[in-house]
Amino acid sequence: MNVNIKATNIELTNAISNYISKKITSIEKFSKKNGKIFGYVEVGKTTNHHKQGDVFKAEFDITMNSKHYFALSEMGDLYSAIDDAKNELISKISQDKDRKQTLFKRGASSIKKMIKGTSKRNPFTSKY
């Protein structure tokens with residue numbers, strides 16, 4: 001796992017860095033066994049003079065299993081922005097995984113029907 005952390009308009013403390021690395025390690029379970037994770041995380045204050053107080057942002061830019069995922073969150077608290085971005089990233093990863101499994105099952109069932117002879121549809125060309 002190789003993750004770069006950048007802080008914009010705030011100081012990157014050890015507590016923030018440890019919190020981010022803990023959240024990234026929880027994402028590791030979604031990768032393949034030998035899959036490598038390369039990531040870029042940026043946290044910071046968006047503006048110094050905001051009408052509604054400080055607004056913090058967290059950006060996660062992760063490459064895992066040769067796929068690219070991006071999540072952005074802006075909140076009033078830095079830690080809640082990090083949590084929200086991590087949850088958004090996990091939902092994107094699981095959606096991609098579910099879609100891949102669904103397409104695989106649909107193709108496999110189509111081939112099974114073709115072998116049985118109940119369907120004349122060719123699963124590779126999607127034509128009859």
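Tabulated data for the structure shown
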| quantity | calculated |
| --- | --- |
| Subset of region 41-100 (residues that are closer than 13 Å to Asn9 by Cβ and among the aromatic types (Phe, Trp, Tyr)) | Phe56 |
| First in region 2-24 and touching a residue at least 60 places away in the same chain (Cβ under 8 Å), second anywhere and part of a helix (DSSP H, G or I) and of a type in the set (Lys, Arg), Cβ under 7 Å, 6 or more apart | Lys23/Lys86 |
| Region 13-30 - residue that is in contact with a helix residue (DSSP H, G or I) (Cβ under 9 Å, 6 or more places away or on another chain) and of a type outside the set (Phe, Trp, Tyr) and, of those, surrounded by the fewest Cβ atoms within 10 Å (Cβ to Cβ) | Ser26 |
| Selection within region 60-81 - within 16 Å of Glu28 (Cβ to Cβ) and hydrophobic (A, V, I, L, M, F, W, C) | Phe60, Ile62, Met64, Ala71 |
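Conditions (1) assigned to a strand (DSSP E or B); (2) surrounded by 12 or more Cβ atoms within 10 Å (Cβ to Cβ); (3) at pLDDT below 85, marked per residue:
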position	(1), (2), (3)
Thr47	no, no, yes
Thr63	yes, yes, no
Glu74	yes, yes, no
Ile93	no, yes, no
Arg99	no, no, yes
Ala108	no, no, yes
Ile111	no, yes, yes
Ser119	no, yes, yes
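The values are calculated or read from the model by the stated rules, or taken from the named source; none is laboratory data. All values derive from a computational prediction rather than experimental measurement. As a convention, Cβ positions derive from the backbone with ideal geometry for all residues, glycine included, and neighbour counts pool all protein chains shown.
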